[in-house]
Amino acid sequence: MSLQTTFMGILDTARICVPTVVDAVMGRVTLERCDERLDWWARKVLEDADVDLVVRGREHAAGTRPFVVMSNHQSLFDIPVVFRAIPGRLRMIAKKELFSVPVFGQAMKAAGFIRIHRGNHVQASASLQVGASMLQDGTRVWIAPEGTRSKTGALLPFKSGGFRMAIETNTPILPVAIDGTRHVLKAKNFVVQEHHRVVVTIMPPIDPAPYGAGGRSRLMRDVRAAIAGALGHDPGLSHRGAGVATSSPA
């Protein structure tokens with residue numbers, strides 16, 4: 001373990017957040033500049049932790065086609081990993097509490113990250129509409145449908161909001177399986193563990209059109225089965241009632 005690496009990660013995050021906030025205040029922030037900073041940050045954080053990142057199926061994300069990127073969620077290190085693994089402009093749907101963190105939250109907002117209010121259905125729906133607008137502009141929107149980090153790596157129940165957004169905007173879902181980040185930084189921990197391999201598997205996009213508005217549950221099960229299969233879990237688990245949560249918007 002390395003407290004020094006943890007400190008470096010915090011410092012590197014500040015190195016992109018502070019200038020982004022300054023740019024926002026001065027009215028000169030651009031998505032292109034934010035893209036460059038996010039790319040630098042993701043690369044630097046993974047290098048500092050000596051993460052051996054292996055990406056499989058990158059051809060499924062090639063080009064500039066918009067996707068609703070959906071992945072499992074093991075660790076805060078999922079963030080730099082996904083930004084390194086998925087090409088193109090990418091923005092994340094994140095819980096509203098992160099936007100309350102001084103400087104960090106302001107930078108997220110300025111860079112185009114999307115705040116989700118999970119406890120408020122109306123506000124959550126509004127946030128998903130923002131995501132839908134970004135998809136139309138060509139941005140790839142990333143959401144972790146589990147809604148929180150899995151402490152064991154086992155898939156948690158999926159929430160339905162991102163699937164509704166994909167169906168309503170007719171945007172393909174790009175299933176992504178992340179394996180190994182929980183060994184780099186465990187959920188609810190802050191000390192980085194160095195020298196681990198992380199494997200990201202990008203699967204073929206799933207077109208929501210054939211499912212229709214009434215097929216959201218089937219779409220959720222199929223995306224979950226794809227991620228579970230890539231993780232080596234039993235895909236059949238994703239067809240049990242406990243594996244899908246439909247009452248929450250995201």
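The values are calculated or read from the model by the stated rules, or taken from the named source; none is laboratory data. Just so it is clear, the structure is predicted and the values come from calculations on it, not from any experiment. We place every Cβ from the backbone using ideal geometry, glycine too, and count neighbours over all the protein chains shown. The accessibility values were calculated without ligands, DNA or RNA, using every heavy atom of the protein model including side chains. Shrake-Rupley method; radii C 1.70, N 1.55, O 1.52, S 1.80 Å.
If we scan region 152-160, do we find a residue that is of a type in the set (S, T, Y), at pLDDT below 95 and exposed (fewer than 15 other Cβ atoms within 10 Å of the Cβ)? Can you show your working first?
Start the filter on region 152-160 by keeping residues that are of a type in the set (S, T, Y), which leaves 152, 160.
Subset that is at pLDDT below 95: 152, 160.
Adding the requirement that they be exposed (fewer than 15 other Cβ atoms within 10 Å of the Cβ) leaves 152.
Yes; the residues of region 152-160 include at least one that is of a type in the set (S, T, Y), at pLDDT below 95 and exposed (fewer than 15 other Cβ atoms within 10 Å of the Cβ).
Per-residue answers, yes or no, for (1) under 18 Å from the mean Cα position of the chain (by Cα); (2) over 21 Å from A62 (Cβ atoms):
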site	(1), (2)
I173	yes, no
K188	yes, yes
Q193	no, yes
D207	no, no
S217	no, yes
D222	no, yes
A228	yes, yes
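A count restricted to region 97-108 and to residues that are in contact (Cβ under 8 Å) with a residue 24 or more places away in the chain and either among the acidic types (D, E) or open to solvent by 30 Å² or more (accessible area, probe 1.4 Å) (or both) stands at 3. Touching a residue at least 60 places away in the same chain (Cβ under 8 Å) and in contact with a helix residue (DSSP H, G or I) (Cβ under 7 Å, 6 or more places away or on another chain): does that describe V45? No, not satisfied. State which residue is surrounded by the fewest Cβ atoms within 10 Å (Cβ to Cβ) when the search covers only region 61-80 and only residues that are closer than 15 Å to A187 by Cβ and among the aliphatic types (A, V, I, L, M). Here the residue is L76.
Answer yes or no as to whether I167 is over 16 Å from the mean Cα position of the chain (by Cα) and at pLDDT 90 or above. When the stated conditions are applied, I167 passes them. V122 - would you say it is surrounded by fewer than 17 Cβ atoms within 10 Å (Cβ to Cβ), over 18 Å from the mean Cα position of the chain (by Cα) and at positive phi? So V122 does not fit the description; no. When the helices (runs of 4 or more DSSP H) confined to region 158-234 are screened for residues that are hydrophobic (A, V, I, L, M, F, W, C), those reaching at least 2 such residues are found at 161-169, 216-231. The set of residues in region 131-157 that are within 16 Å of the chain's Cα centre (by Cα) and part of a helix (DSSP H, G or I) comprises G131, A132, M134, L135.
Applying the selection to region 67-85, what residues are out of contact with any Lys or Arg (no Cβ under 6 Å at 6 or more places or on another chain) and either in contact (Cβ under 8 Å) with a residue 60 or more places away in the chain or in a strand (DSSP E or B) (or both)? Please lay out each step first, then the result.
Of region 67-85, the ones out of contact with any Lys or Arg (no Cβ under 6 Å at 6 or more places or on another chain) are 68, 70-72, 76-85.
V68, M70, S71, N72, L76, F77, D78, V81, V82, A85 - these are the residues of region 67-85 that are out of contact with any Lys or Arg (no Cβ under 6 Å at 6 or more places or on another chain) and either in contact (Cβ under 8 Å) with a residue 60 or more places away in the chain or in a strand (DSSP E or B) (or both).
Of all the numbered requirements in (1) in contact with a helix residue (DSSP H, G or I) (Cβ under 6 Å, 6 or more places away or on another chain); (2) exposed (fewer than 14 other Cβ atoms within 10 Å of the Cβ), R28 misses one, and that requirement is (1).
I need a count of the residues in region 174-214 that are among the basic types (K, R) and open to solvent by less than 10 Å² (accessible area, probe 1.4 Å). Let's see the steps before the verdict.
From region 174-214, those among the basic types (K, R) are 182, 186, 188, 197; that's our starting set.
Applying the additional criterion that residues be open to solvent by less than 10 Å² (accessible area, probe 1.4 Å) yields none.
Total meeting the criteria: 0.
Would you mention how many residues in region 34-60 are out of contact with any strand residue (DSSP E or B) (no Cβ under 7 Å at 6 or more places or on another chain), open to solvent by less than 10 Å² (accessible area, probe 1.4 Å) and of a type in the set (A, V, I, L, M)? Walk me through how you get there before you give the answer.
Going residue by residue through region 34-60, those that are out of contact with any strand residue (DSSP E or B) (no Cβ under 7 Å at 6 or more places or on another chain) are 34-45, 47-48, 50, 59.
Those still in the list that are open to solvent by less than 10 Å² (accessible area, probe 1.4 Å) too: 34, 42.
Subsequent filtering for residues that are of a type in the set (A, V, I, L, M) retains 42.
Going through region 34-60 one residue at a time, the tally reaches 1.
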